[in-house]
Structures are given as structure tokens and as C-alpha cells.
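> One structure follows; several queries about it will come next.
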């Protein structure tokens, strides 16, 4: 099998599997493992983990073959989740969640609230207040209070791969940070059925609608599908987002995981959730 066909199959399988993973884990009777491959955003892993195109020998200009097959899959935004049409949280709870984390964070806007409560179910398949608290905690942490859509100083890291479009950079962007050209392409194919985010990765930072769409897609494809998330274990969300650097005995930055959980405890309280926050999973 040629490298191009191999990667096409990989992408299509990923897109289909993202939507079916939860149902398969229930109907097959086999529990899904929390130790699946990481899809990091904020801190890059090695090319062999985050960018399989390097080993496959795929060139940037070969993306069109992948897209021609992947676009046969229904784009992410055209198949909304048909859940109950009720908001999981009030505007007051949303504002309190953001501002309780840091008093210097600006009061979130009505538009931000409306996007979160309207897209949480339809785009992120988030149907419980507890999971919404986990999602919001992660994006508050990554975006410093829904303000920044670029992680730190992008010049600190090199995101080089054979898929890179000349002159474009694929550093971490979005409310949940997306990094590496391969991940930009996966998100673009899933959301829009084309390579617009590979060609113009700045959209994830500069276009707020795109930033939200990518963040909800990322959550659904990489975080929501973890059984630990459905069990209310916030550490599982950390493991899914940046676990190779923040979780386990060899974590290089366990203090970041502690900081994320501290944010979550404040969001948990602002949402008036029963019980206590669960840090397990990281």
C-alpha cells in the first residue's frame, strides 16, 4: 500500500472513529483504555508521535488525495447532535466560573456564553453539567480566561513536518490549543471537508468562530471519548490534552496538571455541582 493511501485510510478511520468511539465502547462490551495515544496541543511531542506523515513519507502537496477520500465523510458541523434544547448552565454560573479563577479575567460576553451553551451539545456532545465544567476549566486554563488563543511564545517550539505549507507556522492555537500541521489538517477535514486550516492556520487564532469550532471538535475527537471523562475524572482530560508532559511518573511538568485542577475546582464550585472534584486519570 502506498504511503498516500495509507494516510488516507488513517484519516478517514480517525474521523469516523471519533464519532463512533463512545457507542462502540458501550455496545462491544469492551472498556476503552484511557492510555490511548496523545494528541498534544500546548507542548509538542516528537514528530513520530504527533506527525506520522514524516515516517510515512507524505509530502505537503499530497494532501489532495487524502481530502478527496475524507470529504466523503459527512463534515463535522453538518451533523449536529439532536439532544434536549436546554442550557446546562446559567449566564451567572458561566461568569462566576471564569472570574472566580482569576479576578483579573474580563467578564465573559453574552456571545461567549451563547456559543458555549449552544455548541456544547451540538458540537462537543457535552450533555452533563459536570463534563461542561471540565471543558470550560480546560479552555479557561489554556486561554487565560477566554482571552488568548495562542499558547505562550510560538517561537519557543518548532513544529516542522513534511505537511507544512511553506511560510506557514503550526504552533498551538485555539481555546484548546491545536498544534502540528497534521492536526490542523485533521481538524480542517472534519470541520469543513477541505484543507483551509492547513493553508491558513492563523484562522484558528484570528477567527473566533473557527477557534470555537476547532476547540469543540478537539474535545469531541480526543477528550469526550475517554471513559474517564464520562466518569467525572478531570485528570483524564489533562491526560488527553497534554498527558505526556503533565501526567505520570515521568511527567516533565506535573505542576501544570496541578494548575489545571486548581482551575477546575473553582469552576466546579461556580457550577454548584454536588460532591467534590475528582483529580484521577492523570
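The values are calculated or read from the model by the stated rules, or taken from the named source; none is laboratory data. From a predicted model like this one, the values you see are computed outputs, not experimental measurements. Cβ atoms come from the backbone with ideal geometry, glycine included; neighbour counts cover every protein chain shown.
> Among the residues of region 119-127, is any closer than 28 Å to residue 230 by Cα, at pLDDT 95 or above, assigned to a helix (DSSP H, G or I) and within 17 Å of the chain's Cα centre (by Cα)?
No - not one qualifying residue is present in region 119-127.
> Continuing with this model, one more query. Checking the condition within 17 Å of residue 260 (Cα to Cα) and assigned to a helix (DSSP H, G or I), which residue from 130, 146 passes? Step through it out loud before you land on a result.
Working: 146 fails: assigned to a helix (DSSP H, G or I).
One residue alone meets the criteria, 130.
> Select, from 101, 116, the only residue that is surrounded by 17 or more Cβ atoms within 10 Å (Cβ to Cβ), over 17 Å from the mean Cα position of the chain (by Cα) and either without any contact (Cβ under 8 Å) to a residue 40 or more places away in the chain or closer than 27 Å to residue 275 by Cβ (or both). If you could, list the steps in order and put the result at the bottom.
Working: 116 fails: over 17 Å from the mean Cα position of the chain (by Cα).
Sole residue among the options that is surrounded by 17 or more Cβ atoms within 10 Å (Cβ to Cβ), over 17 Å from the mean Cα position of the chain (by Cα) and either without any contact (Cβ under 8 Å) to a residue 40 or more places away in the chain or closer than 27 Å to residue 275 by Cβ (or both): 101.
Yes or no, residue by residue, for (1) closer than 27 Å to residue 94 by Cβ; (2) modelled with pLDDT of 90 or more; (3) buried (at least 24 other Cβ atoms within 10 Å of the Cβ):
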residue: 150; (1), (2), (3): yes, no, no
residue: 153; (1), (2), (3): no, no, no
residue: 174; (1), (2), (3): yes, yes, yes
residue: 185; (1), (2), (3): no, yes, yes
residue: 200; (1), (2), (3): no, yes, no
residue: 203; (1), (2), (3): yes, yes, no
residue: 216; (1), (2), (3): yes, yes, yes
residue: 219; (1), (2), (3): yes, yes, yes
residue: 248; (1), (2), (3): no, yes, no
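> If we keep just the residues of region 184-204 that are out of contact with any helix residue (DSSP H, G or I) (no Cβ under 7 Å at 6 or more places or on another chain) and in a helix (DSSP H, G or I), which is farthest from residue 111 (Cα to Cα)? Step through it out loud before you land on a result.
Start the filter on region 184-204 by keeping residues that are out of contact with any helix residue (DSSP H, G or I) (no Cβ under 7 Å at 6 or more places or on another chain), which leaves 192-193, 199-200, 202.
Filter once more, keeping what is in a helix (DSSP H, G or I): 192, 199.
On the way: 192: 23, 199: 28 Å.
Restricting to residues being out of contact with any helix residue (DSSP H, G or I) (no Cβ under 7 Å at 6 or more places or on another chain) and in a helix (DSSP H, G or I), the top hit is 199.
> Can you name the condition, by its number, that residue 261 falls short on among (1) in a helix (DSSP H, G or I); (2) within 30 Å of residue 167 (Cα to Cα); (3) touching a helix residue (DSSP H, G or I) at 6+ places or on another chain (Cβ under 7 Å)?
(2)
> Still on this structure, I have one more. If you go through region 265-272 one residue at a time, do you hit one that is crowded, with 21+ Cβ neighbours inside 10 Å and touching a strand residue (DSSP E or B) at 6+ places or on another chain (Cβ under 9 Å)?
no
> Answer with yes or no whether residue 92 is loosely packed, with under 13 Cβ neighbours inside 10 Å, farther than 21 Å from residue 209 by Cβ and modelled with pLDDT of 95 or more. Reasoning before the result, please.
Details: loosely packed, with under 13 Cβ neighbours inside 10 Å: yes; farther than 21 Å from residue 209 by Cβ: yes; modelled with pLDDT of 95 or more: yes.
So residue 92 passes the test.
> Look at region 205-237 and say how many of its residues are closer than 13 Å to residue 124 by Cβ and part of a loop (DSSP other than H, G, I, E, B).
2
> Further question: Please pick out the residue among 228, 193, 232 that is touching a strand residue (DSSP E or B) at 6+ places or on another chain (Cβ under 6 Å), surrounded by fewer than 24 Cβ atoms within 10 Å (Cβ to Cβ) and in contact (Cβ under 8 Å) with a residue 60 or more places away in the chain.
Values: 228 fails: touching a strand residue (DSSP E or B) at 6+ places or on another chain (Cβ under 6 Å); 193 fails: touching a strand residue (DSSP E or B) at 6+ places or on another chain (Cβ under 6 Å).
It is 232.
> May I pose another question? For residue 240, work out the one condition from (1) over 15 Å from residue 135 (Cβ atoms); (2) within 19 Å of the chain's Cα centre (by Cα); (3) touching a residue at least 40 places away in the same chain (Cβ under 8 Å) it doesn't fulfil.
Among (1) over 15 Å from residue 135 (Cβ atoms); (2) within 19 Å of the chain's Cα centre (by Cα); (3) touching a residue at least 40 places away in the same chain (Cβ under 8 Å), residue 240 violates only (1).
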